[in-house]
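Working notes, beginning with the structure itself.
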Amino acid sequence: MIQLIRGFKDILPGEVELWQKIEREARGLFENFGFREVRIPIMEKTELFKRSIGEDTDIVEKEMYTFTDRGGDQVTLRPEATASIVRAYIQHKLYSPDPVQRLYVIGPMFRRERPQKGRYRQFYQIDAEIFGVRSPLADAQLIYLLLLLLERLKVVGAQTHINSLGCQACRPDFRAALQKLLASVGDRLCEDCARRKDRNPLRVLDCKVPACREALSDAPSIVDYLCGDCRKDFDELQAALTSLGITYILDKRLVRGLDYYTRATFEIQTGELGAQSAVAGGGRYDKLVKELGGPDLPATGFAIGFDRLAEIVGLQAGDYQPRPEVFIAALGERSRALAFEWCCRLGREGLRVEMELGDKGLKSQMKSADRLGAAQVLMIGDKELEEKVAILRNMQTKEQIPVPFGTLMETVRRLTKGH
Ligand code: AMP
């Protein structure tokens, strides 16, 4: 038997309803906050990710699904959505006439990481981006939206970590100070960090290897190096978060794995996820639109790990598992034929209806109705057929009422609305 690829997974009925519920909540919130959906391709030219995410990042160095297609083009399954959204924003001139655009994407991403709990090779993200707004209020709004979604999904223990990565004016000074420290502790760093320390030193800061954390316990904080503008923005972000009642942790080690970030950066972590503690992350990337060939416009955004979110929501199955509103139990061939007609017509009227299409006894049909958690059962047998009156049983109160065939559609519809 051919099994699915390692690190990939199926989302089956039972779980998929939870995914749909999360997606509905996210879409609803996005609409409330003025975001519009864009659907972008799953595959792009490799160059797009190399140029945006950065050649010296883990993603580009070792995690992308890249191949040469039959026409000889280098293509890559998208490892994240921001690069493609920026490409679409530029390519379709979405900045004209109004550069301010709030866009979102929900879909699968691909990274060839070592599979483990909370880390898959095909995983899903909910991405939101705000283009054209320079104010840190946009960052605050994104964080607020993110926390609101988690709250609606009853996630507990979410912690907001924030940091600033500075800009092209102030980051080099910090980089130099950090590199000085890295040079002195070089032999204590893990293999990956030893390699990163020259090319992408900021990444060493968020290495999880204990020896590296220990070696960097006295690392300088980038916040001490911020230039006037970055400082002002960072203060403004914090003031906005405080006014929204959001408590946050200033995390000097928060750097994130992609090169394009500038200024505000944030992550939502929860203890529920074990080692993979980040459920969402994001930040500002003011230079990326220009770097990819567009106008000089700022942008900020976040990505939520959908798979991780689904693991930590506090919802109960009853909050999202659909149950039939009506189960039709029919005895005998003629009753079944009529019941089938009702089943299809009630479905067309927008009710959730199910019935047994094969020849089963009443007991077995009632068992199915129970197993499915049907709210009501509509019963019809020879006697009912003769009298032209079916019986509708409320499965909770056990109350049964006669329903004449002539008014069956309206009666069932009216009684179902009450559930
Ligand atoms: P990133 O695009 O790396 O900033 O990641 C944003 C979020 O996506 C993370 O906080 C995770 O929740 C999620 N994520 C990233 N990589 C994976 C993965 N391999 N498997 C599952 N979720 C992931």
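The values are calculated or read from the model by the stated rules, or taken from the named source; none is laboratory data. In this text the structure is predicted, and so the values were computed from the model without any measurement. Cβ sites come from the backbone with ideal geometry, for glycine too, and all protein chains shown count toward neighbours.
Of the residues making up region 120-156, just one is in contact with a Ser or Thr (Cβ under 9 Å, 6 or more places away or on another chain), over 16 Å from residue 301 (Cβ atoms) and away from the ligand (no atom under 15 Å from the Cβ), namely 156. Among the residues of region 91-105, is there at least one that is closer than 23 Å to residue 273 by Cβ, within 13 Å of the ligand (Cβ to nearest atom) and in the same structural domain as residue 308 (by TED's automatic domain parsing)? Yes; the residues of region 91-105 include at least one that is closer than 23 Å to residue 273 by Cβ, within 13 Å of the ligand (Cβ to nearest atom) and in the same structural domain as residue 308 (by TED's automatic domain parsing). Listed by first and then second residue, the pairs with beta-carbon distance under 7 Å, at least 6 apart or on different chains, first residue in region 207-225 and more than 17 Å from residue 163 (Cβ to Cβ), second assigned to a helix (DSSP H, G or I), are 211/188; 212/193; 212/204; 215/185; 215/188. If the condition is being more than 12 Å from the ligand (Cβ to nearest atom), in contact (Cβ under 8 Å) with a residue 40 or more places away in the chain and more than 21 Å from residue 107 (Cα to Cα), then region 43-61 contributes 51, 54, 56.
Hey, can you tell me all the residues within region 292-335 that are part of a loop (DSSP other than H, G, I, E, B) and touching a residue at least 60 places away in the same chain (Cβ under 8 Å)? Steps first, answer last, please.
Step one: of region 292-335, the residues part of a loop (DSSP other than H, G, I, E, B) are 292-298, 313-316, 321-325, 331-332.
Within region 292-335, 292, 293, 294, 295, 297, 298, 313, 314, 315, 321, 322, 325 meet the criteria.
Only a single criterion out of (1) in contact with a helix residue (DSSP H, G or I) (Cβ under 9 Å, 6 or more places away or on another chain); (2) of a type outside the set (S, T, N, Q); (3) surrounded by fewer than 19 Cβ atoms within 10 Å (Cβ to Cβ); (4) farther than 22 Å from residue 185 by Cα is not satisfied by residue 235, namely (1). Among the residues of region 176-210, those identified as assigned to a helix (DSSP H, G or I) and touching a helix residue (DSSP H, G or I) at 6+ places or on another chain (Cβ under 6 Å) are 178, 179, 182, 185, 188, 193, 196, 197, 201, 203, 204.
Restricting attention to region 258-282 and to residues that are under 18 Å from the mean Cα position of the chain (by Cα) and acidic (Asp, Glu), the residue that is nearest to the ligand (Cβ to nearest atom) turns out to be 267.
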